[in-house]
Amino acid sequence: MIEELRKLQRDALAAIREARDAADLERIRVRYLGRREGRLSGLLRGLGRLSAQERPAAGAAANRAKRSLGDALKGRLAELAAAEPRREPDLDLTLPPRRKWRGTIHPVSQAVDDIWTIFRGLGFTRARGPEVDTEWYNFVALNTPLDHPAADEQDTLYLAPGLLLRSHTSPVQIRTMEKYPPPIRIIAPGMVYRRDTYDATHTPAFAQIEGLVVDEGVTFVDFKATLAEFARRFWGPGTQVRFRPSFFPFTEPSAEVDVKRVIVREDGSEEETDWIEIMGAGMVDPAVLDNVGYDSERYTGWAFGMGPARVALLRHGVRDLRLFYENDMRFLGQFT
């Protein structure tokens, strides 16, 4: 039997060497190593006819032949695969490529983050408050009587008698002063709601950022210097800042803050913009300090409010505020 095994092995190895493809190898495997019809299996069925002394040697020879043929089949299959020419997949090279998707921060959110980063560097703390508030916090505590036009249902969204969606983030200033004694130095970003027409410069729901400073000896000079420094850090050192007299119920004196920027174009030329309003601000009215229990004879302060959406509009040269809220990825993708 051992001689028959050797002859079977020689024949099988010769057949494997002559195989031209994977199909030939599979037929050779079935012919020699198949479980039912394979020649090696047929020889192994004759082991039972051998004597006890012959059987171990024959079994070992059969196992060696099986391993040898298995290794030869794998080796020849690898040779054939390496020699086969590589076929490229069908590609239409005229199709436009697909660009990798890149996410980004929304330009309004980016403006909020940048404004907050600047004021944090100036020593401010971030504060928050509820979006649903009472008439006291939204109007009365801010020195705005309920017969003021801003408190009318034509301007403010009321949910129930005395309960409304805040029309500015100034209520956060009142809540902070009620909770903490001076000194106060906070930034209060958040969403606000008004009965505004949805157009190129107004939306009924938008982000707003309020700032408040209260301490002993705070003056109008501190107010102007801080806001001028913010404008120069945000828009660049060449930014000019202008304060125009205005009126707000919760500040006295009040001012509107304008900036004039220098835009550097790609060719290196410079262009100076017109004056652009960025915020309303002023010294905190003593009546507001009295409403929260502060001694208005001892403490003074200043406050401001700005819309980061409008700031983003000016920063990127966008002319219609609605573009920021329509979620057109072709537009928003420009800010990645």
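The values are calculated or read from the model by the stated rules, or taken from the named source; none is laboratory data. What you are looking at is a predicted structure, and each value in this text was computed from that prediction instead of being measured. As a convention, Cβ positions derive from the backbone with ideal geometry for all residues, glycine included, and neighbour counts pool all protein chains shown.
Going by the conditions given, is Pro149 farther than 29 Å from Phe230 by Cα and either at pLDDT below 95 or not small (Gly, Ala, Ser) (or both)? Yes: the conditions hold for Pro149.
Residues are listed down the side, and each one gets a yes or a no for (1) within 21 Å of Met1 (Cβ to Cβ); (2) in contact (Cβ under 8 Å) with a residue 60 or more places away in the chain; (3) of a type in the set (D, E, K, R); (4) out of contact with any strand residue (DSSP E or B) (no Cβ under 9 Å at 6 or more places or on another chain):
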| position | (1), (2), (3), (4) |
| --- | --- |
| Ala14 | yes, no, no, yes |
| Arg20 | no, yes, yes, yes |
| Glu26 | no, no, yes, yes |
| Val30 | no, no, no, yes |
| Ser51 | yes, no, no, yes |
| Glu54 | yes, no, yes, yes |
| Lys66 | yes, no, yes, yes |
| Leu80 | no, yes, no, yes |
| Ala83 | no, no, no, yes |
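Scanning region 18-46 for residues that are over 59 Å from the mean Cα position of the chain (by Cα), surrounded by 14 or more Cβ atoms within 10 Å (Cβ to Cβ) and not small (Gly, Ala, Ser) yields Ile28, Arg31, Tyr32, Leu33, Arg39, Leu40, Leu43, Leu44.
Any residue at all in region 99-122 that is at positive phi and in the same structural domain as Arg232 (by TED's automatic domain parsing)? No - not one qualifying residue is present in region 99-122.
Provide a single number: the residues in region 61-86 that are in contact with a helix residue (DSSP H, G or I) (Cβ under 9 Å, 6 or more places away or on another chain) and of a type outside the set (Gly, Ala, Ser).
The number of residues fulfilling the criteria is 7.
So, Ala61, is that one closer than 17 Å to Lys7 by Cβ and not in a loop (DSSP other than H, G, I, E, B) or not? In short, yes.
Going through region 262-289 one residue at a time, which ones are of a type outside the set (Asp, Glu) and either touching a residue at least 40 places away in the same chain (Cβ under 8 Å) or under 30 Å from Thr176 (Cα atoms) (or both)? Those that are of a type outside the set (Asp, Glu) and either touching a residue at least 40 places away in the same chain (Cβ under 8 Å) or under 30 Å from Thr176 (Cα atoms) (or both): Ile278, Met279, Gly280, Ala281, Gly282, Met283, Val284, Pro286, Ala287, Val288, Leu289. Of all residues in region 168-198, exactly one satisfies the criterion of being in contact with a helix residue (DSSP H, G or I) (Cβ under 8 Å, 6 or more places away or on another chain), part of a loop (DSSP other than H, G, I, E, B) and buried (at least 19 other Cβ atoms within 10 Å of the Cβ), namely His168. Looking across region 150-167, the residues that are farther than 12 Å from Asp133 by Cα and loosely packed, with under 11 Cβ neighbours inside 10 Å come down to Glu153, Gln154. Modelled with pLDDT of 90 or more, surrounded by fewer than 14 Cβ atoms within 10 Å (Cβ to Cβ) and under 28 Å from Arg175 (Cα atoms): does that describe Gly217? Against the criterion (modelled with pLDDT of 90 or more, surrounded by fewer than 14 Cβ atoms within 10 Å (Cβ to Cβ) and under 28 Å from Arg175 (Cα atoms)), Gly217 qualifies. When region 312-326 is limited to residues that are at pLDDT 85 or above and among the hydrophobic types (A, V, I, L, M, F, W, C), the one that is surrounded by the most Cβ atoms within 10 Å (Cβ to Cβ) turns out to be Phe324.
Quick grid of which residues meet (1) at pLDDT 80 or above; (2) farther than 30 Å from Thr156 by Cβ:
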| site | (1), (2) |
| --- | --- |
| Arg35 | no, yes |
| Glu79 | yes, yes |
| Glu84 | no, yes |
| Pro130 | yes, no |
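Would you confirm, using the coordinates I've provided, whether Gly301 is surrounded by fewer than 22 Cβ atoms within 10 Å (Cβ to Cβ) and of a type in the set (Gly, Ala, Ser)? Criteria not met by Gly301.
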